[in-house]
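One structure is given below, encoded as structure tokens.
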Amino acid sequence: MEFDKLIRKLEKALKEPLPGREGQITMAPLPVDEERFIQSIRTDYRKGAVLMLFYPDMQKQAFVPFIKRPTYPGVHSGQIAFPGGKMEESDADLSVTALRETEEEIGVDASKIQLLGKLSDLYIPPSNFMVSPFVGFTLEQPEFNPDPEEVVRIINCPVGTLLDKSVRKTGMIQGSGGYRLQAPYFDIESEMVWGATAMMLGEFTYLWEKLDF
């Protein structure tokens with residue numbers, strides 16, 4: 001996928017009504033839990049943001065980085081995610097949260113990131129977070145400097161791979177709490193990208209495939 005073409009299309013697409021649940025649900029754990037979208041949202045949820053960051057390589061092909069979380073006693077231990085985290089009191093808004101967390105976690109200068117917009121918010125019941133997925137880009141390939149306490153691996157994924165339906169699979173997932181569940185996932189560099197991150201990607205790929213832009 002050519003970087004310039006991707007950015008031009010995203011600029012148009014993110015101005016249109018988002019598919020929201022219709023896209024997210026395509027990659028939701030099975031059986032699909034409608035309560036994730038309706039009844040189970042607690043009133044005391046915490047706010048967070050992530051960044052889907054696009055950049056060109058030397059051949060001007062579009063890439064997006066994912067991070068692998070370290071193993072720790074928590075619900076997102078060892079998972080593949082976009083850089084991001086919880087909103088701090090000092091953050092003016094959630095877009096600032098996404099940019100700040102990206103700079104802190106993978107070392108990309110926030111001042112060099114241009115935001116295009118955002119996808120639909122997604123509630124994550126296990127951690128009680130309402131997450132806002134922002135979409136942005138840099139004009140050059142970043143020099144990543146991951147925080148070893150937050151990131152054990154950066155996966156630089158070609159956008160063409162995300163749009164390849166052959167990487168979308170369904171399998172048994174081992175959760176951090178020892179539970180197992182059936183879920184769709186993206187198979188990226190032998191890592192299973194599932195859960196909230198997969199649902200955000202589900203909306204992104206749905207938007208790309210279904211809208212005529």
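Readers should treat all values here as calculations from the given coordinates under stated rules, not as data from a laboratory. Values in this document were obtained by computation on a predicted structure and should not be read as measured data. Cβ sites come from the backbone with ideal geometry, for glycine too, and all protein chains shown count toward neighbours.
A few points about this structure:
- Residue selection: TRP208 fails the criterion of being closer than 22 Å to VAL131 by Cα and buried (at least 20 other Cβ atoms within 10 Å of the Cβ).
- Looking across the stretch 100-130 at every residue that is among the small types (Gly, Ala, Ser) and at negative phi, the one that is surrounded by the most Cβ atoms within 10 Å (Cβ to Cβ) is identified as SER120.
- Count - residues of the stretch 159-196 that are in contact with a Phe, Trp or Tyr (Cβ under 6 Å, 6 or more places away or on another chain) and part of a helix (DSSP H, G or I): 1
- Within the stretch 147-185, considering residues that are within 20 Å of THR102 (Cβ to Cβ) and of a type in the set (A, V, I, L, M, F, W, C), the one surrounded by the fewest Cβ atoms within 10 Å (Cβ to Cβ): VAL152
- Of the strands (runs of 3 or more DSSP E) contained entirely in the stretch 65-136, those carrying at least 3 residues that are over 12 Å from the mean Cα position of the chain (by Cα) fall at 114-118.
- Positions within the stretch 43-56 being out of contact with any strand residue (DSSP E or B) (no Cβ under 6 Å at 6 or more places or on another chain) and in a loop (DSSP other than H, G, I, E, B), in sequence order: THR43, ASP44
- Long-range neighbours under 7 Å by Cβ, at least six apart or interchain, first residue within 12 Å of SER127 (Cβ to Cβ) and in contact (Cβ under 8 Å) with a residue 60 or more places away in the chain within the stretch 41-52, second among the hydroxyl-bearing types (Ser, Thr, Tyr) and part of a strand (DSSP E or B): TYR45/TYR123
- Selection count where residues are assigned to a loop (DSSP other than H, G, I, E, B) and among the hydrophobic types (A, V, I, L, M, F, W, C), scope the stretch 137-149: 2
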